[in-house]
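Taking it in order: structure first as structure tokens, then the write-up.
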Amino acid sequence: MSKRILSDQQKRRISKLQHRHRAQAADRDQVGEGQEGLIVAHFGKNIDIEDHSGKIWHCFLRQNLGAIAVGDRVIWLPSDNDTNVITAIMPRKNTLTRYNKFTGSKLIASNIDQLFIVVAIEPPRAMNVLDRYLMLSELQHIKPIIVYNKIDLLDQEELAVQKDFLQLYQDIGYHVIYTSITDPHTIQHLKLLLTDKTSVFVGLSGVGKSSLLKAIAPENEVAIGELSLKSREGNHTTTTARLYHLANNATLIDCPGIRELAMGDLTRTQVIQGFKELRDLAADCQFRDCKHECETGCAILTAIESGKLAPDRLMSYQNIITEIENEV
């Protein structure tokens, strides 16, 4: 069945109705009336929410509320016959959205403080998506932290090579940490970064996100998968986004592994906004429509020639632009 397309008038009516539900819920505290809850798991049209006491309720979504995600705060109506209904979505601080070239954009999570981008030596493609995740975090105003995982698979020389490469990102201003579930000191460091924050772990399947979560919070039941010996790509061990409450007032949203991160219909301007060192330089280009390829007076090309900018980052930007233009 195709998705119903709403008119502007219908959208305004729905928005007004949601606003009324939120206002009514603010004045109600009796059982059976609208209450505020937190979405902790999302299974298509079926949603698990947590009430103010920590109890989990199974809910359905009222029609035409729009996309929802784990991390959303909502207004819901409890029912005696287990047909609890979400009636409104509370205003969001931000959202995490990924793009898919077949289905368009998809809302992953809401109200996030920081995005942990997990990469590793395996699977082999894991490092290829780093710039894309950083770009999306910049566009969606979420603080990124790069987590290089599985350092126990590397000897000292190999680890030094990886640290030398990732120094580029530290020089740009990104926070980089190194972890292994076999090293309790690195796990403790990770726990400290989670304190008092709502965080999301993202990365290709197989980089060890679920294993890290289990090391951080062994009391939570988390399925652990292994890399396919044939493809060395990860199996999808997380089938739905899920929210966990951890020690030290930390909240963590675990999302399904992503094998492919398409760029959707992003514009050239949006892409460069996601590369913060390119964004700052582009403002000084001689021409407003500079493509940063071979133009005279291009501030980005000048910075590369002078050694102030890493060529790899410009190449990554150009690869994304090529992908977008080829999809048109």
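The values are calculated or read from the model by the stated rules, or taken from the named source; none is laboratory data. Computed from a predicted structure; not experimentally measured. Here the Cβ positions follow ideal geometry from the backbone for every residue, glycine too, while neighbour counts run over all protein chains shown.
Scanning segment 172-220 for residues that are of a type in the set (D, E, K, R), at pLDDT below 95 and exposed (fewer than 14 other Cβ atoms within 10 Å of the Cβ) turns up just one, E219. Residue pairs whose Cβ atoms lie under 7 Å apart, separated by 6 or more positions or on different chains, with the first residue in segment 49-66 and assigned by TED's automatic domain parsing to the domain that holds G34 and the second among the basic types (K, R), are F60/K45; L61/K45.
Of all residues in segment 125-152, those that are more than 21 Å from T182 (Cβ to Cβ) have Cβ atoms under 8 Å from Cβ atoms of residues that are among the hydrophobic types (A, V, I, L, M, F, W, C) and part of a helix (DSSP H, G or I), 6 or more apart or on another chain, in D131/I320; R132/I320; M135/V271; M135/I320; P144/L134.
Please indicate, with yes or no, whether at least one residue in segment 69-79 is surrounded by fewer than 13 Cβ atoms within 10 Å (Cβ to Cβ) and part of a loop (DSSP other than H, G, I, E, B). No; the residues of segment 69-79 include none that is surrounded by fewer than 13 Cβ atoms within 10 Å (Cβ to Cβ) and part of a loop (DSSP other than H, G, I, E, B).
Take segment 282-328 and flag every residue that is farther than 13 Å from I272 by Cβ, in contact with a helix residue (DSSP H, G or I) (Cβ under 6 Å, 6 or more places away or on another chain) and in contact (Cβ under 8 Å) with a residue 60 or more places away in the chain. Within segment 282-328, just A310 meets the criteria.
Could you check, for segment 45-65, whether at least one of its residues is modelled with pLDDT under 60, farther than 27 Å from T97 by Cβ and not in a strand (DSSP E or B)? For segment 45-65, residues modelled with pLDDT under 60, farther than 27 Å from T97 by Cβ and not in a strand (DSSP E or B): absent. Would you confirm, using the coordinates I've provided, whether L168 is of a type outside the set (S, T, Y), surrounded by fewer than 17 Cβ atoms within 10 Å (Cβ to Cβ) and closer than 21 Å to P311 by Cβ? Considered against the rule, which asks whether it is of a type outside the set (S, T, Y), surrounded by fewer than 17 Cβ atoms within 10 Å (Cβ to Cβ) and closer than 21 Å to P311 by Cβ, L168 comes out as yes. Pick out the one residue from S110, S105 that is touching a residue at least 40 places away in the same chain (Cβ under 8 Å) and surrounded by fewer than 16 Cβ atoms within 10 Å (Cβ to Cβ). Only one candidate qualifies: S105.
Is segment 81-91 home to any residue that is assigned to a loop (DSSP other than H, G, I, E, B), under 21 Å from H175 (Cβ atoms) and modelled with pLDDT of 85 or more? No - not one qualifying residue is present in segment 81-91.
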